[in-house]
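Take a look at the structure set out below.
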Amino acid sequence: VVGVDTSGSVTETLLAYATNESAGIVHKVSPGGGEVVGADTDFGAQPRLCTTREQIRRQLIGGGGTMLGPALMRLDRRPPHTRPHIVVYATDGEAAEPPKPRHFKTIWVLLGEGLRPPAPWGLPVWVSVAELERGALGGEP
């Protein structure tokens with residue numbers, strides 16, 4: 001599952017990068033499609049099977065405050081046969097620490113240099129500004 005922070009602090013450039021990266025992850029890991037979820041304080045959208053950038057972009061609606069916990073906890077409560085093993089979560093890091101999921105690992109993709117991960121228990125990966133700009137334009141991230 002790919003999660004994307006869609007809160008108001010996430011700029012259009014960051015969202016474009018996250019959309020392109022989500023499409024790349026889905027294509028490489030699961031060519032038939034992968035689940036993508038956008039979340040802010042109003043985590044209303046269910047994770048949805050997406051195969052194209054356009055489907056992913058439509059799934060990433062938000063603009064409210066930042067709460068990563070509801071999306072993670074909803075995924076963690078799934079029945080075992082539908083629960084992810086790993087969640088890749090793209091964020092600008094401007095969030096309170098969410099509760100730690102019990103049933104899967106989390107990779108924090110931090111959209112910018114020097115950002116603090118929202119929680120110490122995930123694996124942080126930082127994306128440079130140059131990579132963000134290149135990836136937001138649809139180039140090779």
The lone exception for residue 109 - which of (1) of a type in the set (A, V, I, L, M, F, W, C); (2) open to solvent by 10 Å² or more (accessible area, probe 1.4 Å); (3) closer than 13 Å to residue 4 by Cβ; (4) modelled with pLDDT under 90 it fails | (4)
Within the range 85-96, track down each residue that is surrounded by fewer than 21 Cβ atoms within 10 Å (Cβ to Cβ), closer than 16 Å to residue 121 by Cβ and touching a helix residue (DSSP H, G or I) at 6+ places or on another chain (Cβ under 7 Å).
-> none
Taking residue 141, is it of a type outside the set (A, V, I, L, M, F, W, C), surrounded by 14 or more Cβ atoms within 10 Å (Cβ to Cβ) and at pLDDT 90 or above?
-> no
Those residues that are open to solvent by less than 40 Å² (accessible area, probe 1.4 Å) and either within 18 Å of residue 88 (Cα to Cα) or modelled with pLDDT of 80 or more (or both), I need them from the range 46-72; list them, please.
-> 47, 50, 56, 59, 60, 66, 68, 69, 71, 72
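The values are calculated or read from the model by the stated rules, or taken from the named source; none is laboratory data. The structure presented is a predicted model; accordingly, all values stated were derived computationally and were not measured. Every residue, glycine as well, gets a Cβ built from its backbone with ideal geometry; the counts of neighbours run over all protein chains shown. Ligands, DNA and RNA are stripped out before the accessible areas are found, and what is left, the full protein with its side chains, is counted by its heavy atoms. Shrake-Rupley method; radii C 1.70, N 1.55, O 1.52, S 1.80 Å.
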